[in-house]
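The structure appears right after this line, and notes come after that.
What follows is calculated from the coordinates using simple rules that are stated; it is not laboratory data. Just so we're clear, the structure is a prediction, and the values are computed from it rather than from any experiment. We place every Cβ from the backbone using ideal geometry, glycine too, and count neighbours over all the protein chains shown.
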Amino acid sequence: MTRIHVINPNSTASMTAQIARAAEAIRAEGTEIDAVTATGTPASIEGYADEAMAVPGMLAAIRAAEARGATAHVIACFDDPGLAAAREVATGPVIGICQAAVQVAVTVASRFSVITTLPRSVPVIEDLIAGYGAGNRCRRVRAVDLPVLSLESDPHIARSRLLAEARLSIREDGVDAIVLGCAGMAEHCDWLSREAGVPVIDGVTAAVKLAEALTGGGFRTSKAGAYAFPRDKAGDLARSA
């Protein structure tokens, strides 16, 4: 049994429900989706401070999911918050939806642009993509200038702005694929792809399918080097006493 723990690092349960629907729609037979909302975290993640506040609750959820038998984890926030830390505490693969979406984009298209929520998220995503080695393939990171929570509360406005930016990306950026830069955009993916006429990549879908592939191949997170389990500091204190 493949059991994928999908953690929404923010505390908005309705967004977790949308993420879960996206994951359930594409899971393979025999894959179980365990979608969880983090507790004690911001209602949405929009900047570095939100990311930092979300990480402790997310790590606690990953530890709990490992105890329930999770074979892989998906961090369902496009900022990939705490990804390296999550890989330290997990034995199964941990996949961030930005990294997964980028890996799919560079496989199925020669050039892509990202459409995200707020302008403040643009430099965060640009840095992530550069770190994943795809800076030369990403033509631009665009923003629809809507808060994350407005994707759900104002879906008609969200769709209109997403389509407008997608068309601008194709015309001005010369791209042949679009990446959705927020987990809250997952339900717009298929519709936007039909309207824009190019592949539109949702990171939740990409991450779940990658998690299935890694689990099926028997891959686990290395526990040598940087992703080794956190050291037990209590033992250090006892020896120094």
Among the GluC sites (Glu not before Pro) within the range 1-94, which fall in a DSSP loop and have no more than 12 other Cβ atoms within 10 Å of their own Cβ?
Glu29
Are there trypsin sites (Lys or Arg not before Pro) in the range 64-148 that DSSP marks as loop and that have at most 13 other Cβ atoms within 10 Å, and which are they?
Arg68, Arg120
Can you sort Ser11, Ser222 so the residue with the fewest Cβ neighbours within 10 Å comes first?
Ser222, Ser11
Placing +1 on the Cβ of each Lys and Arg and -1 on the Cβ of each Asp and Glu in the chain, which of Ala196, Val55, Ser11 has its Cα farthest towards the positive end of the resulting dipole?
Val55
Relative to the Cα centre, what is the charge dipole magnitude of the chain, using +1 at the beta carbon of each Lys and Arg, -1 at the beta carbon of each Asp and Glu, and rounding to the nearest 20 debye?
480 debye
Loop sites in the range 152-241: chymotrypsin sites (Phe, Trp or Tyr not before Pro), DSSP, at most 11 other Cβ within 10 Å
none
With the 8 Å Cα cutoff and a minimum separation of six or more residues, the range 98-203 has a relative contact order in percent of 34 percent
